[in-house]
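Here is the structure we will look at, set down as structure tokens.
Bear in mind these aren't lab numbers, they're just calculated from the coordinates by the rules spelled out. Note that the structure is a prediction, hence the values are computed from the model and not measured. No Cβ is skipped: glycine too gets one built from the backbone with ideal geometry, and neighbour counts run over all protein chains shown.
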Amino acid sequence: MSKTPLLIAGNWKMNGLLVESIQVMKSLRSHILRKPLRNSRLVLCPPATLLRDLAEKIPGTGIRLGGQDCHQAKSGAHTGDISAAMLRDMICDYVILGHSERRANHGETSQLVAEKAASAHKEKLTTIICIGETGAEREQGKAKDVVKDQLLATIPKSSNHKNTVIAYEPVWAIGTNKVPSEAEIKEMHQFIVQTMQKELKQFEKDVAVLYGGSANEKNANKILSLDAVGGLLIGRASLEAESLWEILQIAETVGKK
Ligand code: PGA
């Protein structure tokens, strides 16, 4: 599979106030203007409150913005929700969907995630669809079954290799500093690609599969060097410009090979 450009997506979750976040963006901007990214692409997914201000800082950098969720409807009586059209309006190109925190904290089912993804595709957003097993499911030997079920139930008919990126995020690795072995990541990523090619007609071509869960500047090289890994979805290590920049530098080197 072609590795370039490696996708490095920063999921800021519910972190970031205006002044500090603009500072992070300014630092990233000056790094990138000095040393443009050639083999990797940076997608930042900040809280929706920051999108407009960060959007002003990205021209000329190649940085893309993404939302962290969207509602399945285009508009309407959905207090507190944000639609895919609203993300597009804020010049987003991406949206993270089905993150395990939303599945756990907001009861999101794979079917709902599929509806959200279909709505995002109508707005020409690329969906970063998250799947992954819990620690208990892995211990019980069910990791592949869970991932396969989530994958097949979460991907709508509108998905294809251009508008869909899968993020494999084992729930037990998120925010824990526990990372699967390289062999485990490789096995699951290959399984995801094979399952998609076998079961979903529209995925004859390889789809990018990101790894997420305690990825940082120390383990990025090993993870990104694995053949089946098309990039990273990063939480904590994306909050600081310097750690994110270090990871991007690693992606630039790995992506060149
Ligand atoms: P983490 O989060 O890098 O802080 O583990 C990853 C994620 O939840 O996307």
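If you average the alpha carbon positions of segment 164-203 and of segment 209-257, how far apart do those two centres end up, in angstrom? Taking the Cα centre of each part, segment 164-203 and segment 209-257 sit 15 Å apart. With 22 Å as the limit, the listed pairs K13/K186; K122/K201; K124/K205; K57/K162; K148/K201; K35/K256 have K13/K186; K57/K162 beyond it between alpha carbons. Note on R38 and K178: the extension gain reaches 47.4 nm, defined as 0.36 nm multiplied by sequence separation minus the Cα-Cα distance. Each Cα pair under 8 Å and six or more residues apart adds its separation to the average, and for segment 100-257 the resulting relative contact order is 20 percent. Hey, got a sec? Which GluC sites (Glu not before Pro) in segment 150-257 land in a DSSP loop and have at most 15 other Cβ atoms within 10 Å? Taking segment 150-257 and a limit of 15 other Cβ atoms within 10 Å, the loop GluC sites (Glu not before Pro) found are E204, E240. Given a Förster distance of 25 Å, report the FRET efficiency between A48 and T109 from their Cβ-Cβ distance, rounded to the nearest 0.05. Computed FRET efficiency for A48 and T109: 0.65.
Considering only G10, G255, G132, the residue lying farthest towards the positive end of the dipole of the chain is G255, judged by Cα position with unit charges set on Cβ. Taking a ≥ b ≥ c as the square roots of the eigenvalues of the alpha-carbon gyration tensor, segment 25-152 is classed oblate because a/c is 1.5 or more while a/b is no larger than b/c.
Modelled label positions at E187 and E204, each set 7 Å beyond Cα in the direction of Cβ, lie 3.2 nm from each other. Its Cα centre serving as origin, segment 1-137 has a Cβ charge dipole (Lys and Arg +1, Asp and Glu -1) of approximately 740 debye. Which residues in segment 49-64 place their backbone N less than 15 Å from a point set 7 Å from the Cα of D89 along the Cα-to-Cβ direction? Answer for segment 49-64: 49-53.
Placing +1 on the Cβ of every Lys and Arg and -1 on the Cβ of every Asp and Glu, with no other charges, gives the chain a dipole of roughly 740 debye about its Cα centre.
Globularity index of segment 116-185 is 1.24 (Cα radius of gyration / 2.2 N^0.38 Å, N = number of residues). What FRET efficiency, computed as 1/(1 + (r/R0)^6) with R0 = 35 Å and r the Cβ-Cβ distance, is obtained for A77 and E20, rounded to the nearest 0.05? Between A77 and E20 the formula returns 0.55.
Of the trypsin sites (Lys or Arg not before Pro) found in segment 172-226, the ones in coil according to DSSP and having at most 15 other Cβ atoms within 10 Å of their Cβ are K178, K205, K218.
Note on the chain: helix-only mean residue ellipticity at 222 nm, from DSSP H runs of 4+ residues weighted -39500 (n - 2.57) and normalised by residue number, equals -12000 deg cm²/dmol.
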